[in-house]
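Enquirer: Please read through the structure below; I'll follow up with questions.
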Amino acid sequence: MSLTLGDKINKKLNESKKTAYWLSKKSGIAFGALYPILTNKRLNPTYFTMEKIADALDVSLDEFRTEKGE
C-alpha cells in the first residue's frame, strides 16, 4: 500500500525532526490550510501549495508524486 500525500509530508517532517508548525511558518501556508493536507482530509492541494511545501522541506516535488496504479 502506498503512502498518502499527508503521510509523505509527515515522513519528511519526522526525518528532519521538524513540526507542522515549523512547516507552516517556513512555507508561508497558514496552519489551518496545512493541517487538512497533513491529516489527509484534503487530498488535492494546488500546485503552488505543494511547491511551497517542497521548497520548505528542501525536496523535489517529485517526492510527493503518486505513481500511476497506486
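The values are calculated or read from the model by the stated rules, or taken from the named source; none is laboratory data. This structure is a prediction, so every number in the text was calculated from the model and none was measured. Counting neighbours? That spans all protein chains shown, and the Cβs are built from the backbone with ideal geometry, glycine included. Note: areas computed on protein heavy atoms with side chains; ligands, DNA, RNA excluded. Shrake-Rupley method; radii C 1.70, N 1.55, O 1.52, S 1.80 Å.
Enquirer: Can you tell me which residue among Leu61, Leu38, Leu5 is in contact (Cβ under 8 Å) with a residue 40 or more places away in the chain and not acidic (Asp, Glu)?
Expert: Leu5
Enquirer: Right, another one. Tell me which residues, restricted to the range 15-37, are among the charged types (D, E, K, R) and in a helix (DSSP H, G or I).
Expert: Matches in the range 15-37: Glu15, Lys25, Lys26.
Enquirer: Separate question: Considering the range 1-54 alone, what residues qualify as being open to solvent by 70 Å² or more (accessible area, probe 1.4 Å), of a type in the set (Lys, Arg) and closer than 18 Å to Arg65 by Cβ?
Expert: Lys11, Arg42, Lys52
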